[in-house]
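Here's the structure, in structure tokens; my notes come after.
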Amino acid sequence: IYSDGGRSNYFKANLVGDCVCRAIANATGKDYKEVYDSLLRLEKTIKVGKHETRGTVRDGVRRSVAKHYIEKELGWKHHSTVIRGQGVTVHLTKEELPSGNLIVDISRHYTCVKDGVIVDTYNCSIKEYYDDFGQLVVNDRRAVYNYWTKD
């Protein structure tokens, strides 16, 4: 389902890296600007780690900021899908994710999944990239690293 989370009510740009804000707004039903302002405040106040660069809400929120907001301020429960020695065990498919409203962390992107349906500005279950030999690779089994549920 196409949804910009309410971004178009406040901003005109379409090509932005606001996936964390968009995913949270879509999953929680909170106003986009409210989520945006909270993430902006946290980006300015949460200490930057040794291997981190301060992010922006429009161009990529740090994982530590997203995690803090989702867990500490919203009270959502974290679920990791990576098992030591086995790697990723869950993919972005209806069959492998639980039902309900989820905020999902996949490679370099956050999205909202509602009862197995992706709610975002594009179908992020498919990742296309060029390998070292210039060949187009289409990956339709995107790995889920973490997801959050309201309960």
(request) Estimate the FRET efficiency between S99 and Y122 by the formula 1/(1 + (r/R0)^6), using the beta-carbon distance for r and 22 Å for R0, to the nearest 0.05. (result) 0.45
(request) Equivalent ellipsoid semi-axes for segment 1-55, as square roots of 5 times the alpha carbon gyration tensor eigenvalues: give them largest first, rounded to whole Å. (result) 23, 12, 10
(request) Specify which residue in the list C21, G75, T45 is farthest towards the positive end of the charge dipole of segment 12-125, using unit charges on the beta carbon of Lys, Arg (+1) and Asp, Glu (-1), about the Cα centre. (result) T45
(request) Could you order E43, E95, E73 by accessible surface area, starting with the largest, using a probe radius of 1.4 Å? (result) E95, E73, E43
(message) I'd like the distance separating the alpha-carbon centroids of segment 125-151 and segment 67-115, in whole Å.
(response) 14 Å
(request) Pick out which of V48, V117, V137 has the largest mean-square fluctuation in a Gaussian network model of the chain, springs linking Cα atoms closer than 10 Å. (result) V137
(request) Would you tally the net charge around S107, using a Cβ to Cβ cut-off of less than 11 Å, leaving S107 out, and scoring K and R as +1, D and E as -1? (result) +2
(request) Pick out which of Y122, Y36, Y130 has the largest mean-square fluctuation in a Gaussian network model of the chain, springs linking Cα atoms closer than 10 Å. (result) Y130
(message) If I take the Cα coordinates of segment 4-151 and project them onto the principal axes, what are the three extents in Å, biggest first?
(response) 39, 37, 35
(message) Among G116, G134, Y32, which residue has its Cα furthest toward the positive end of the charge dipole of segment 20-151, with +1 on Lys/Arg Cβ and -1 on Asp/Glu Cβ?
(response) Y32
(request) Considering only protein heavy atoms, with the full assembly of protein chains and a 1.4 angstrom probe, order S99, S125 by accessible area, largest first. (result) S99, S125
(request) With only Lys, Arg, Asp and Glu charged, each at its Cβ (+1 for the first two, -1 for the last two), find how big the charge dipole of the chain is about the Cα centre; round to the nearest 20 debye. (result) 560 debye
(request) Quote the relative contact order of the chain in percent (integer), defining contacts as alpha-carbon pairs under 8 Å separated by 6+ residues. (result) 27 percent
(message) Considering only protein heavy atoms and a probe of 1.4 Å, how much of the accessible area of segment 105-151 is carbon and sulfur, as a whole percent?
(response) 47 percent
(message) What's the magnitude of the charge dipole for segment 6-91 around its Cα centre, counting Lys and Arg as +1 and Asp and Glu as -1 at the beta-carbon? Answer in Debye, nearest 20.
(response) 220 debye
(request) Per residue of segment 56-64, in order, report the coupling 6.51 cos²θ - 1.76 cosθ + 1.60 (Karplus, θ = phi - 60°) as ³J(HN,Hα) in whole Hz, putting x for Gly and Pro. (result) 9, 5, 7, 10, x, 7, 5, 4, 5
(request) Over the chain, average the accessible area per residue using a 1.4 Å probe and give it in Å², no decimals. (result) 59 Å²
(request) Quick one: angle between helix 19-28 and the longest Cα principal axis of the chain, in degrees between 0 and 90, rounded to 10, please. (result) 80 degrees
(message) Let me check something: with ligands and nucleic acids excluded, how do D115, D31, D18 order by accessible area (1.4 Å probe), largest to smallest?
(response) D115, D31, D18
(request) Taking the Cβ of Y147 as the centre, find all other residues whose Cβ is under 15 Å away and add up their charges (Lys, Arg: +1; Asp, Glu: -1). (result) 0
(request) Using just the helices of the chain, give the 222 nm mean residue ellipticity in deg cm²/dmol: DSSP H runs with n ≥ 4 each add -39,500 (n - 2.57), and the total is spread over all residues, rounded to 500. (result) -6000 deg cm²/dmol
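The values are calculated or read from the model by the stated rules, or taken from the named source; none is laboratory data. Owing to the predicted nature of the structure, the values given are computational and were not obtained by experimental measurement. In this analysis, Cβ positions are derived from the backbone assuming ideal geometry, glycine residues included, and neighbour counts consider all displayed protein chains. Only protein heavy atoms, including side chains, enter the accessible area calculation; ligands, DNA and RNA are left aside. Shrake-Rupley method; radii C 1.70, N 1.55, O 1.52, S 1.80 Å.
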